[in-house]
Amino acid sequence: MTAGRYLLIFVVTLCGLVLLTGVNAWLQTGMPTRNGYYICSYIHEKIVRGSAMPTPKLVIVAGSNALAGIDAQILGERLSVHVFNFGLSASLGPGLQTFESEKILRPGDAALLPLEYTAYDYETPENSLVDAVYTCGTDYLRSLSWREKLFFVLAVRPQRILDSLLFRSQRGAMRMTAALAARDVGPYGQRPGGNFPLHQVAIDTGLAAEPLLIHLRGGGAGAKAIASFVAWAHARRIAVLATWPNTIDLPQAASDRGFARIREFYARLGVAMVGAPRDAMLPARLMGDRFYHPNRAGMAVRTERLVQLLRGDAAFCHWRQAGLSTVSSVR
Amino acid sequence: MLFNSDIFLFEFLPAVLAGFFLAKRIAGARAAQIWLTLASLAFYAAGGVRFLLPLSASIFANYFVGRTLTRLHASGRKTAPLLATGIALNIGLLAWYKYTNFLLGNLQAAGFPTTALHIALPIGISFYTFTQIAFLVDAARGGAEEYDFVRYVLFVTFFPHLIAGPIVHHREMMPQFAPRRLEQGSFDLLPAGIMLFAIGLAKKVLLADSFAAMASPIFDSAATAPPDLLGAWGATLSYTFQIYFDFSGYSDMALGLALMFGIRLPVNFLSPYKSTSIIEFWRSWHMTLSRFLRDYLYIPLGGNRKGRLRRHVNLLIVMAIGGLWHGAGWTFVLWGLLHGTYLVINHAWIRLAGASAAMPVWAARLLTFLCVAFAWVLFRSDSLEAARAIYAGLFGLNGITLSPELLAVLGHHQPFTVLGLQLVPGYFQDTLPWQVGALCLLGLIIVWGLPNSMEICGFAPAPAWSKFAFHTRPAYAVANAVLLFACISVVNSGAVSEFIYYRF
């Protein structure tokens with residue numbers, strides 16, 4: 001067989017495989033699975049509640065470290081501003097987190113980003129994000145570059161079709177899942193009181209063998225998504241503040257260069273960082289079921305620290321002063 | 001730019017291939033040669049435009065020194081002073097970028113008031129410096145006669161080998177870049193090139209990265225959390241396979257890429273873990289570096305011509321320098337010295353015991369493999385403390401972790417206490433130990449039981465029992481496409497990881 005013929009068969013097979021994957025992705029678009037439907041319902045509930053909150057408001061955009069760790073109600077009361085906790089899950093990545101938060105942010109609002117450390121190193125989608133995007137995230141998918149879209153096309157598993165068929169065949173499953181998601185959203189967006197684990201479990205086991213790496217992937221998908229969100233917000237006169245994510249006390253807190261890189265990254269975007277990494281670190285007794293989930297007492301401590309930090313933060317005070325006038329000028 | 005990144009696979013490579021064949025067809029081989037040179041420089045610049053400056057300076061200086069050396073040799077005049085200057089310039093450049101902070105750190109440790117400098121290491125500097133040192137020596141010996149500048153730039157910067165080798169020779173590359181040779185080239189080598197590239201990519205993304213996930217957490221935290229017996233062995237064996245699949249995968253990809261353009265690079269790996277001695281190991285691991293060290297360091301030092309003692313000293317010097325070439329750290333020097341010691345013992349064994357003391361092949365292979373794995377601990381560890389912690393773990397000095405339930409069952413009948421191993425109650429992390437064991441078993445089956453990629457693709461004689469020899473048959477084309485597609489899917493479902501040798 002000639003080399004030309006070999007190459008022809010090779011290319012045709014490769015194209016066939018790509019086509020099959022594309023068909024699989026196309027077939028699955030809009031097909032809900034239990035996990036995907038829960039995430040979509042949860043985000044939808046947050047958008048409904050967040051949109052109902054009047055401008056100017058401070059919207060906390062991050063993963064579950066903020067969801068479980070910042071009490072938006074107390075924060076709002078202590079600072080005399082409206083605060084909504086739009087914390088989702090770190091596994092959804094900073095791209096979807098910021099994209100969905102854009103749906104509730106209005107000119108004159110402010111976004112506070114206590115994004116997880118993994119967001120700065122984020123590159124490719126996890127299963128839960130793929131599930132959510134194929135369930136309800138076509139608008140998010142459309143917003144991505146072709147290379148990021150390719151991630152999603154190649155990432156969807158064919159067996160997800162079975163998960164979806166099974167989920168849809170169960171009577172009332174969708175209604176129950178949506179109700180469950182709605183129950184999990186507190187009035188100000190944060191984790192409702194009943195959702196905290198009753199008992200503290202072993203939380204620091206993973207850190208000893210696999211230390212948390214504080215790493216910023218400069219040209220990575222996570223950094224790009226954050227930069228794109230900041231540009232979007234600034235173009236709409238939405239203030240952006242950033243702060244550090246909640247974690248258990250990290251041994252490398254004093255020396256790691258990663259913290260400085262994150263600070264430099266935000267400085268380049270024109271975003272002020274509120275506080276220091278240590279301000280978001282809590283001892284083990286104040287943590288719940290993960291090393292980045294404070295328990296109820298931890299949430300109170302972290303919220304109070306944030307109150308003090310924001311009171312002393314020039315960018316926040318400027319936004320609070322300017323918020324109303326910005327809104328009136330836009331309207 | 002990484003060979004396993006999307007931008008390389010979907011944008012750079014197709015564009016360069018298409019441009020190369022189009023340029024050759026429309027404007028001739030010279031245009032294709034220039035296109036390939038520009039593409040290689042663009043490939044290098046993608047890793048940092050500022051690094052083009054030391055690369056360009058090195059190319060210009062070596063080109064002119066090499067030309068002059070050739071003229072001096074042809075006219076029968078002395079070449080040694082200029083050759084020494086040229087080598088010193090190359091070593092100086094490498095030393096400045098790679099070893100300045102190592103030196104300052106050691107001075108600081110010795111009590112001198114020094115501070116580290118902010119020096120970024122240009123990618124591939126170790127490789128292109130060694131390539132050009134070899135060129136200068138060949139030129140001084142009258143072995144480098146072709147001096148077309150564009151071709152010389154392409155010889156140094158040809159992107160498949162620029163970042164992490166193989167370390168190539170002027171005499172084996174320059175003729176291949178000649179317009180007439182490029183003109184003759186066709187699509188004939190493309191199938192084997194694509195197959196080799198796909199095999200290399202599979203080694204990297206399917207195997208090396210899986211082993212890295214097992215090894216890295218333990219090595220990264222060894223200094224602060226010393227691993228127990230199983231953890232240390234799991235990490236050591238995982239790294240032993242990781243570095244093999246990573247570097248041989250890279251080399252396969254480099255050879256495959258070059259073949260796509262009709263260029264043959266020298267073979268760099270030939271089943272090193274099948275070796276039955278350390279001498280054999282170094283003849284099949286990173287072969288082009290071994291060749292460089294032998295031809296340009298070991299033999300000029302006297303090799304084995306000046307007595308046994310001198311040979312052993314030469315071996316230790318060469319291996320220590322080889323270790324230091326890999327990285328500016330004492331762990332690398334010790335790794336090199338350890339291998340030097342292995343070689344000395346190996347030579348002494350051959351001399352003292354002769355053929356009568358030959359081991360069974362399986363025992364020799366296992367012993368060689370374990371010695372190599374043992375040395376990789378130094379190579380991988382971030383510090384001497386980390387290496388010490390892993391070695392302590394390998395010998396059971398950090399105890400052995402058993403679940404409290406199992407400890408309760410064992411009661412007083414604990415076999416490990418007889419061996420002096422401290423039993424530590426606790427649980428393994430998710431991946432230990434059965435997953436590591438299963439993956440290492442798979443690694444062993446592949447490196448010991450299967451023909452290597454060179455044999456599969458016809459660049460080395462295949463063993464008689466092998467049924468994997470590559471042919472341009474439809475089944476191979478389909479298998480090649482499936483393998484490449486599987487790799488691309490994996491590349492897209494995880495973060496792109498760097499090749500280990502990119503750091504050197």
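The values are calculated or read from the model by the stated rules, or taken from the named source; none is laboratory data. Since we're looking at a predicted model, the values are computed, not measured. For neighbour counting, all protein chains shown are included, and Cβ atoms are generated from backbone atoms with ideal geometry for every residue, glycine included. Just so you know, the surface numbers come from the protein's heavy atoms only, side chains and all, with ligands and any DNA or RNA stripped out. Shrake-Rupley method; radii C 1.70, N 1.55, O 1.52, S 1.80 Å.
Data table
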item: MRE, 222 nm, helices only [DSSP H, n ≥ 4, -39500 (n - 2.57), over chain A, to nearest 500]; result: -17000 deg cm²/dmol
item: Accessible area per residue in Å² at 1.4 Å probe, computed on the protein assembly as shown; result: 43
item: Max mean-square fluctuation residue, GNM over chain A, Cα-Cα springs under 10 Å, options A:A132, A:A239, A:A260; result: A:A260
item: Sequence of A:K149, B:K24 when ordered by accessible area, the most exposed leading, probe 1.4 angstrom; result: A:K149, B:K24
item: Shape category assigned to region B:6-185 from the gyration tensor of Cα positions, a/c cut at 1.5; result: oblate
item: Accessible-area composition of the protein assembly as shown, carbon plus sulfur, in percent [1.4 Å probe]; result: 64
item: Proximal charge balance of A:M53 [Cβ under 12 Å; K/R count +1, D/E count -1]; result: +3
item: Buried area at the B-A interface (accessible, heavy atoms, 1.4 Å probe, summed, Å²); result: 2400
item: Extended-chain gain in nm, criterion 0.36 nm per residue less alpha-carbon gap, A:D139 and A:R236; result: 32.9 nm
item: Nearest-0.05 FRET efficiency for B:F10 and B:I317, computed from C-beta distance (R0 56 Å); result: 0.75
item: Calculated FRET value between A:Q308 and A:L269, using beta carbons and R₀ = 25 Å, to 0.05; result: 0.50
item: Per-selection Kirkwood Rh - chain A (Cα, Å, 1 d.p.); result: 21.1
item: Dipole moment magnitude, nearest 20 debye, the protein assembly as shown about Cα centre, only Lys, Arg, Asp, Glu C-beta charged; result: 1580
item: Value at 222 nm in deg cm²/dmol, rounded to 500, when DSSP H runs of n ≥ 4 in chain B each add -39,500 (n - 2.57); result: -20000 deg cm²/dmol
item: Gyration tensor (alpha-carbon) shape descriptor, region A:229-304, a/c threshold 1.5; result: oblate
item: For region A:146-192, residues shielded by at least 30 square angstrom of accessible area compared with the chain on its own, probe 1.4 Å; result: A:W146, A:R147, A:L150, A:F151, A:L154
item: Delta accessible area of at least 20 Å² on complex formation, residues of region A:1-31, 1.4 Å probe, chain isolated as reference; result: A:M1, A:A3, A:Y6, A:L7, A:I9, A:F10, A:T13, A:L14, A:L17
item: Normalised contact order of region A:1-139, rounded percent, pairs of Cα under 8 Å and 6 or more residues apart; result: 34
item: Under DSSP loop assignment and at most 14 Cβ neighbours within 10 Å, longest GluC sites (Glu not before Pro)-free interval of chain B; result: B:146-497
item: Anisotropy class of region B:106-261 from Cα gyration tensor, a/c 1.5 cut; result: oblate
item: A:H234, B:H312, A:H318, ranked by accessible area, largest first (probe 1.4 Å); result: A:H318, A:H234, B:H312
item: Mean separation of Cα contacts under 8 Å (6+ apart) over length of region B:186-279, as relative contact order %; result: 45
item: Any cysteine of the protein assembly as shown lacking a neighbouring Cys Cβ under 4.7 Å - listed by number; result: A:C15, A:C317, B:C371, B:C440, B:C457, B:C487
item: Calculated FRET value between B:N304 and A:N127, using beta carbons and R₀ = 51 Å, to 0.05; result: 0.30
item: Debye log10 I(q)/I(0) for the protein assembly as shown, one point scatterer per Cα, at q = 0.05, 0.06 Å⁻¹; result: -0.33, -0.48
